[in-house]
Amino acid sequence: MEKVVINTPSNRYPVFIGNQSLHKMQEFMQKNFSHVTKVWIIADKSVYSLHGKALVELLKTAWEVTVFIAPVGEEAKSFTVYEEAITHGLENGVDRKSLVIAFGGGATGDLAGFVASSFMRGIPFIGVPTTILAHDSSVGGKVAINHRLGKNMVGHFHQPEAVFFELDFLKTLPQDQVLSGLAEVIKHALIADGDFLELLYKNLGTLSSLTDEFLSYCLQRGVEIKGEVVSKDEKEVGVRAFLNFGHTYGHAVESASGYGNRTHGEAIMVGMVYALFLSNKLKGLNFPLENFIQWIKGLGYNLNVSNELSFDLLYKLMTRDKKAKAGTPQFVLLDKIGQPLLENIDKEILIEADQYIRSI
């Protein structure tokens, strides 16, 4: 089992990656949270149906447990589900001495973390991510729910006490969720580690070539990169914004498509191609974009942007992005692989990049 330690001004915590991690979590909780009055599991419905019974039986040996079942995917990150979760906690005796366990993918982690951050002004939580995508979202303490006008618009910074990444859970993931998670792995390589990107090219020709050993390394390296950035900028006032590479255009595509109709990772992959085009045009990156597109299409990514999603609609959504200033979108671009920067870009050039995306 691999261990990565995340250091932030508000908390220092371990991320464990490997098999039998739930038993490791039990040991961690007995050492650090034996005093909690109740363990409150907030779980993805599908994940809970597959793995929930084992988790509950493990925890019931030492703690009183209550479980809130959330909808699958982005549907979980709504005001309605948030209120239902809070009501569940109040009705089932959760108090300020309780502990939340976020059990599921990135959306469930966002919901559970936000519930933990706001319930009775904040209680601790532990992450048990069950998707590849969640290796990114489960680290760093950004927790949120969506608003109809934008993704992740209501949230807090609330660091977990620990994260336990059980690799066996990933074996039940459908292909689209594997691709969704690998998009964030590729993002980490582009913004921080050119050698890692070369390893991805070499070892990831097709999804069928993804071995358990290489996946474990990808998760570990992604968590390390995320941790390095978060340790420097916990509240996203500077370099943490670089982790949003591909997200400005990608979030707009995801939101306009309707939450749940396109995976987060695939939308972000579209956004990364958009940002790479802008980086080549404006920063002289000289990145072999056509080869990159051929590679990711070979992996199975669909880069199509529907004509029903007009540029004007996407631009309106981009102006609501959290990096936007005075209604002007800001983009994370690359000076070089591993050297990101923030840039304001004229609307005319954004239109050109949009036209490029629609042509590939």
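The values are calculated or read from the model by the stated rules, or taken from the named source; none is laboratory data. On a predicted model such as this, the values are computed, not experimentally measured, just so you know. Backbone-built Cβ (ideal geometry, glycine too); neighbour counts: all protein chains shown.
Could you tell me which residue of the stretch 64-96 is surrounded by the most Cβ atoms within 10 Å (Cβ to Cβ), considering only residues that are touching a helix residue (DSSP H, G or I) at 6+ places or on another chain (Cβ under 8 Å) and of a type in the set (Val, Ile, Thr)?
Going through the stretch 64-96, the residues touching a helix residue (DSSP H, G or I) at 6+ places or on another chain (Cβ under 8 Å) turn out to be 65-77, 81-82, 85-86, 89, 94-96.
Checking which are of a type in the set (Val, Ile, Thr) leaves us with 65-67, 69, 72, 81, 86, 94.
Working: 65: 17, 66: 17, 67: 18, 69: 21, 72: 15, 81: 19, 86: 16, 94: 24.
Only one residue tops the list, namely 94.
Only residues that are touching a Gly at 6+ places or on another chain (Cβ under 9 Å) and either without any contact (Cβ under 8 Å) to a residue 12 or more places away in the chain or more than 21 Å from residue 165 (Cβ to Cβ) (or both): list them for the stretch 37-70, please. Outline the logic, then answer.
Here is the first cut: in the stretch 37-70, the residues touching a Gly at 6+ places or on another chain (Cβ under 9 Å) are 37-38, 40-48, 64, 66-70.
37, 38, 64, 66, 68, 69 - these are the residues of the stretch 37-70 that are touching a Gly at 6+ places or on another chain (Cβ under 9 Å) and either without any contact (Cβ under 8 Å) to a residue 12 or more places away in the chain or more than 21 Å from residue 165 (Cβ to Cβ) (or both).
Out of (1) assigned to a helix (DSSP H, G or I); (2) at pLDDT below 95; (3) surrounded by 15 or more Cβ atoms within 10 Å (Cβ to Cβ), what's the single condition that is false for residue 208?
(3)
Looking only at residues in the stretch 324-344 that are β-branched (Val, Ile, Thr) and surrounded by 18 or more Cβ atoms within 10 Å (Cβ to Cβ), which one is farthest from residue 243 (Cα to Cα)?
Among those residues, the one meeting the criterion is 337.
Which one is nearest to residue 142 (Cα to Cα), of the residues in the stretch 227-238 that are in contact (Cβ under 8 Å) with a residue 12 or more places away in the chain and in a helix (DSSP H, G or I)? So that I can check it myself, show each step before the final result.
Initial filter on the stretch 227-238 (in contact (Cβ under 8 Å) with a residue 12 or more places away in the chain): 227-231, 234-236.
From what's left, in a helix (DSSP H, G or I): 227-231.
Working: 227: 13, 228: 15, 229: 13, 230: 10, 231: 13 Å.
Going through the qualifying residues, I end up with 230.
Between 259, 315, which is among the hydroxyl-bearing types (Ser, Thr, Tyr), in a loop (DSSP other than H, G, I, E, B) and in the same structural domain as residue 194 (by TED's automatic domain parsing)?
259
Since residue 303 meets every condition but one in (1) modelled with pLDDT under 95; (2) part of a loop (DSSP other than H, G, I, E, B), which condition does it not meet?
For residue 303, the failing item is (1).
Could you identify the single residue in 354, 321 that is charged (D, E, K, R), assigned to a helix (DSSP H, G or I) and surrounded by 16 or more Cβ atoms within 10 Å (Cβ to Cβ)?
Exactly one residue qualifies, and that residue is 354.
What residue, of 214, 169, 277, 242, is in a helix (DSSP H, G or I), without any contact (Cβ under 8 Å) to a residue 24 or more places away in the chain and either in contact with a Lys or Arg (Cβ under 8 Å, 6 or more places away or on another chain) or not basic (Lys, Arg) (or both)?
214
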